[in-house]
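The values are calculated or read from the model by the stated rules, or taken from the named source; none is laboratory data. It should be emphasised that the depicted structure is a prediction, and the values quoted were computed from it without experimental measurement. With ideal geometry, Cβ positions are generated from the backbone for all residues, glycine too; neighbour counts draw on all protein chains shown.
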């Protein structure tokens with residue numbers, strides 16, 4: 001067995017998150033934007049559902065402020081905006 005050690009630089013603090021915690025995964029917070037417009041609809045085929053989900057994802061991708069607001073947690077690393 002080989003031991004591997006991680007050297008943590010000064011100024012970096014590791015935050016250990018519990019396993020299986022979807023509420024801590026930023027992407028999990030986007031499902032409500034995908035699911036809501038599709039709720040209470042009946043699709044004749046899986047292909048029709050797949051198409052509707054694809055269309056919704058494309059529409060959501062064009063709303064970066066919505067995505068950012070739902071997924072930018074205080075602990076999530078992010079790049080500063082460039083002007």
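Considering only residues of region 39-58 that are part of a helix (DSSP H, G or I) and loosely packed, with under 10 Cβ neighbours inside 10 Å, which is nearest to the chain's Cα centre (by Cα)? Let's see the steps before the verdict.
First, pick out the residues of region 39-58 that are part of a helix (DSSP H, G or I): 46-58.
Now restrict to residues that are loosely packed, with under 10 Cβ neighbours inside 10 Å: 46-47, 58.
On the way: 46: 24, 47: 24, 58: 15 Å.
If we take residues in region 39-58 being part of a helix (DSSP H, G or I) and loosely packed, with under 10 Cβ neighbours inside 10 Å, then 58 is nearest to the chain's Cα centre (by Cα).
For the structure I just gave you, tell me whether residue 36 is surrounded by fewer than 11 Cβ atoms within 10 Å (Cβ to Cβ) and at pLDDT 80 or above. Talk me through it step by step, then tell me what you get.
Values: surrounded by fewer than 11 Cβ atoms within 10 Å (Cβ to Cβ): yes; at pLDDT 80 or above: yes.
It is true that residue 36 is surrounded by fewer than 11 Cβ atoms within 10 Å (Cβ to Cβ) and at pLDDT 80 or above.
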